[in-house]
Amino acid sequence: MYRESELVCSVWNYLDGIRIETEGKGICACLSGGADSVALLSALEELSGEFGYRLYACHFNHGIRGAEADRDEKFCKDLCARLGIKIFCGRDDVPAYAALYGKSVEEAARECRYAFFSRILAKRDIDFCATAHNMNDDAETLLMNLCRGSGSNGASSISPRNGSILRPMLKVPRSEVESYLAAVGREYITDSTNLCDDYTRNYFRHEVLPAIEKVYPNAVAALSSFADSAREDRAYFESVTEGLGGDLTGLPKPLRDRVILRKYKDFTGKIASRQVLNSVSAALAAGGRKVVFIDNGTEAVTDNGTVAFFRRSSGNVPLYDEVLLAGGENNVLGRRAAVYVGAAEGAFINKVFTENTLESANISGNLRVRNRREGDRICIRGVNRSVKKLFIENGIPKEYRSHIPVILDDMGIIYIPFVGISDRVFSKTPEKPIHITTVLNNTEPERWGVAYEKKKQR
């Protein structure tokens, strides 16, 4: 049959390319009951004897469509019973998951579905899961990624293979799916959510891509071909940058950005957004040591051409012990800040800094420094104020607050950059002045640091 069917022939070509890996192994077809997945299951069943793999199926109920979803599950069970194929079924409350984690229903459905696939691979004697993504899906995803501004990685669209996830129908147009099912006389069901434009993909499927095809009838194939080229380019760049990771200073920006993307994905398991890439790349280009804060609780630390990613605990840096301040430059808080006691030398390009003069005659004992702690207070203008409230009043973002040095003497807090000077050591005309400059390794001073410097503390 496969020699007579474009769809089965395409699946045959795909499997032939990985024959050595799949022979004698277990492949689980991801079955929704829709046309694409039924076609995939049928093609894999037809070719299982020739390629020597064990075929299974799995079905995931997203808990979105009530009785209709239960109908789909029953359809899949009945189909597999007729074909003599073992099926594994799972379900989850996707809307509840989306609400709990603040995700779209589309994103939540995908995460829950692939988590189910992972459990199948981990607990069963199965080596691969096969999904029914087709050429139209590839084209739709490419258009969506380009519109999101996802860059060259987004141009790669859907990968034909992602580890143990196989996509044998990626070169099959949707029109061929329906032709194949009609030829073999196999029924399928239609998910009602695929018939409306409530979801982004459906809008691209029903409105955007058909409009493009009116002007360019071969648009789906052309977009899929472009994605193929992008995937080849991506694979090449990834091979070139595989061994890179030290000093990136001398690398051209395209290669440097690829290293950043690889390091970010290795650390988070996700593809970096354009905003993240641009922020980290700019920090590298600026030189010196910088800390870039990322919304998902991750931070990037660049240091003279190198970049590394770290996880922040509860969005903050660790609590640092008090350390003594010496004259001159003091690198503190894990080198996230520098405190200059006395005259500070050098330029502070792309860094947040404050300069203040204290009355040294009123300082008790030794100067020390740490980061902020719960319950910290400082007396300013006769009022003993909460440091937390002062941070808020001065517009200091939450993610930066633990990176601001708190300077103390033996009697308590005397100075906090961007907050103020304690009454005890403040004087407009100090008799024994001591000059303190604080520098934060920050790449975006315009957001709040510079604005603060325009304000008068007194």
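Any read-out appearing in this document is the output of simple, stated calculations on the displayed coordinates, not a laboratory observation. Here the structure is a predicted model, which is why all the values come from computation and not from measurement. Backbone-built Cβ (ideal geometry, glycine too); neighbour counts: all protein chains shown.
A few remarks follow.
- Nearby lysines by direct alpha-carbon distance to Lys290 (threshold 16 angstrom, same-chain neighbours under 8 apart not counted): Lys351
- Least to most buried among Thr438, Thr357, Thr22 (fewest other Cβ within 10 Å first): Thr357, Thr22, Thr438
- Separation in nanometres of the label points that stand 7 Å from Cα toward Cβ, at Leu324 and Ile18: 6.3
- Amide H partners (placed H, <5 Å) of Ala130, local residues excluded: Cys28, Ala29, Cys30, Leu166
- Pairs from Lys171/Lys253; Lys25/Lys103; Lys270/Lys398 whose Cα-Cα separation, in the structure shown, is over 26 Å: Lys171/Lys253; Lys25/Lys103
- For the chain, the longest principal axis of the Cα atoms and the long axis of helix 219-241 meet at an angle of about 50 degrees.
- Relative to the current alpha-carbon distance between Lys25 and Cys89, full extension at 0.36 nm per residue lengthens the span by 21.0 nm.
- Here Thr357 and Lys253 are evaluated by their C-beta separation; at R0 = 45 Å the FRET efficiency comes out at 0.60.
- Estimated purely from DSSP H runs of n ≥ 4, each contributing -39500 (n - 2.57), the mean residue ellipticity at 222 nm for the chain is -12000 deg cm²/dmol once divided by its residues.
- Cα→Cβ-extended label distance, 7 Å offset, between Ala211 and Glu242, nm: 4.3
- Degrees separating the helix 67-83 axis from the principal Cα axis of the chain, which is the longest one: 50
- Take 403-411, 181-189 and order them by the average number of nearby Cβ atoms within 10 Å per residue, most first; the result is 403-411, 181-189.
- Computed over the chain: relative contact order in percent, which uses C-alpha pairs under 8 Å that are six or more apart: 11
- Ser164-Ala286 FRET efficiency (beta carbon distance; Förster radius 60 Å; 0.05 resolution): 0.90
- Folded to 0 to 90 degrees: helix 35-51 orientation relative to the chain principal axis, Cα: 70
- Stretched out straight at 0.36 nm per residue, the stretch from Lys398 to Lys265 would grow longer than its current Cα-Cα span by 45.3 nm.
- Phi angles of segment 159-172 translate, via the Karplus equation with coefficients 6.51, -1.76, 1.60 and θ = phi - 60°, into HN-Hα couplings of 6, x, 8, 10, x, 8, 9, 9, 10, x, 9, 5, 9, 9 Hz per residue; Gly and Pro are given as x.
- With the largest listed first and rounded to whole Å, the semi-axes of the equivalent ellipsoid of the chain from the Cα gyration tensor are 59, 23, 19.
- Modelled spin labels at Ala235 and Lys74, positioned 7 Å past Cα toward Cβ, are 4.5 nm from each other.
- In plain terms, the chain from Cys9 to Cys147 could stretch by 46.4 nm, reckoned as 0.36 nm per residue minus the Cα-Cα distance.
- Take the Cβ atoms of Ser386 and Ser273, set R0 to 35 Å, and the FRET efficiency comes out at 0.50.
- Cα gyration tensor shape for segment 6-234, rounded if a/c is under 1.5, else prolate or oblate: rounded
- The DSSP beta bridges internal to segment 6-234 are antiparallel in roughly 10% of cases.
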